[in-house]
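Here is the structure we will look at.
The values are calculated or read from the model by the stated rules, or taken from the named source; none is laboratory data. The shown structure was predicted, so the numbers you read here are calculated from the model rather than taken from an experiment. Using ideal geometry, Cβ is built from the backbone for each residue, glycine included, and neighbour counts are taken over all protein chains shown. All accessible areas refer to the heavy atoms of the entire protein, side chains included, with ligands and DNA or RNA removed. Shrake-Rupley method; radii C 1.70, N 1.55, O 1.52, S 1.80 Å.
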Amino acid sequence: MIDSSKKTVVIKTGGKAASEKSAMITLFKEMKDLKSKYNFVFVHGGGAEVTRVSKVFGLEAVFKDGIRLTTPEEMEIVDMVLSGRMNKEIVRLANSCGINSVGLSGSDAMLFSGKQAGEKTLTGKITDVQPAILGLLINNGYLPVVSSTSMTTEGIALNINADEAALEIASAIKADKLFFISDIQGVMKEGIVINILTEKMAEEEIASGIISGGMIPKVNASVAALKKGVSAIIIGEYLNSGDLLLSLDAKKGTSIVL
C-alpha cells in the first residue's frame, strides 16, 4: 500500500519531452518541492529514439495502424534504449536534482506483464499489474522511474506502449492524478484549450470531430482509467517551473474527469 497521507501522481513523458534536459531538471526540482504533499511515479517512453538507434543497426521500424511491430532483433534495441540508456539518464538527472530515484521496467517484480499483441510481434498488451514494488519504494522515500519494457509470464520480452503502462499503473494504484506531459497544450477546440473534459463532453467532441486521430484512443483510454479509480487525467505541456502544480490544480492543460 502506498502512503495515503499524500496524493499520488503518475507522470508520463514521451521520448521528446524526456530529451529536453533543461525542462526535465526544472520538472524534477518542482517535484522535489512538492514531495511533502505528493507521492510520484515517473513513467517514460522513447519510441523515436528506438527508431533512430534501430536505423544505426540497419533495422527499419514497421508500424501497422500506428502500432510498432517489434521484431526479436528490434526488441534487443528496445531493451537497450528504454530500460538501459534512457532510464538511467533520467534516474541520474532526478538524483542530481535531489530526488532519490530507482529505475525499473515492467519486468522488475512483475510490475506489469502482458501478452504478445500478435504471433509475429513482441509488441505487447498489459494483462496484469503487481504494484507492490511501487509502494515499497515510495514509502521509503524513492521515486520509481519506470520504462515500458516488460515480459510475458513465460519470460518472453515485450515492448509495451508507455501510455498504456502509465494508465495501467495509475489504475492499479488508484492514483489521484495521471499527468501526460505532451508536446501540445491540451485538447484544443477552436484554438483554445479545453480546461475540463468530462466523459459526456469527450463523447460529444469525438462525434463532432474536434477530438480526432491519435487523441481519440488516448481520451477513451483515459475515461476507462477514470472508471477504475484514477481521479483525473491531465494532458498538457511542461515548459516552466510551476507548470506541474498548475496542471494538478486544473489551471493548465486539459483535465479529463468523469
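Could you please state how large a percent of the accessible area of the chain is carbon and sulfur, counting protein chains only and using a 1.4 Å probe? Mind dumping the intermediate values first?
Details: 6480 of 12210 Å².
Carbon plus sulfur share of accessible area: 53 percent.
Order the peptides 196-204, 6-14 from the highest to the lowest mean number of other Cβ atoms within 10 Å of their residues. Walk me through the intermediate numbers first.
Working: 196-204: 16.0, 6-14: 22.6.
Answer by packing, highest mean first, reads 6-14, 196-204.
Treating the stretch 193-258 as a set of equal point scatterers at the Cα positions, no solvent, please give the Debye-formula log₁₀ I(q)/I(0) at q = 0.14 Å⁻¹.
Log10 of I(q)/I(0), two decimals: -0.40.
Which percentage, to the nearest 5, of the DSSP beta bridges contained in the chain is antiparallel?
Working: 16 of 45 bridges.
Roughly 35 percent of the DSSP beta bridges within the chain come out antiparallel.
Taking only protein heavy atoms and a 1.4 Å probe, what accessible area per residue, in Å², does the stretch 154-258 have with all protein chains in place? Intermediate values should be presented prior to the final figure.
Values: 4650 Å² over 105 residues.
For the stretch 154-258, the per-residue accessible area is 44 Å².
Here are labelled values, (i) 50, 40, 33; (ii) 51, 47, 35; (iii) 46, 44, 33, and one is the computed Cα extents along the principal axes in Å for what I pasted. Which one?
Only one option fits the structure, namely (iii).
Starting from the Cα coordinates of the stretch 1-128, work out the convex hull volume and express it per residue in Å³.
Values: hull volume 15.7 nm³, N = 128.
With only Cα atoms used, the stretch 1-128 gives 123 Å³ per residue.
Where does the chain land at 222 nm, in deg cm²/dmol rounded to the nearest 500, when only DSSP H runs of n ≥ 4 count, each adding -39500 (n - 2.57), divided by all residues?
On the way: 10 runs with 92 residues, N = 258.
Result for the chain: -10000 deg cm²/dmol, rounded to the nearest 500.
Restricting to bridges with both residues inside the stretch 176-258, how much of the DSSP beta-bridge set is antiparallel, in percent to the nearest 5?
Working: 5 of 13 bridges.
Of those bridges, close to 40 percent are antiparallel.
Calculate the translational D of the stretch 142-258 in whole µm² s⁻¹ from Stokes-Einstein, where the hydrodynamic radius comes from the Kirkwood formula applied to all Cα pairs, the temperature is 4 °C and the viscosity 1.567 mPa s.
Details: Rh = 15.0 Å.
Translational D for this selection: 86 µm²/s.
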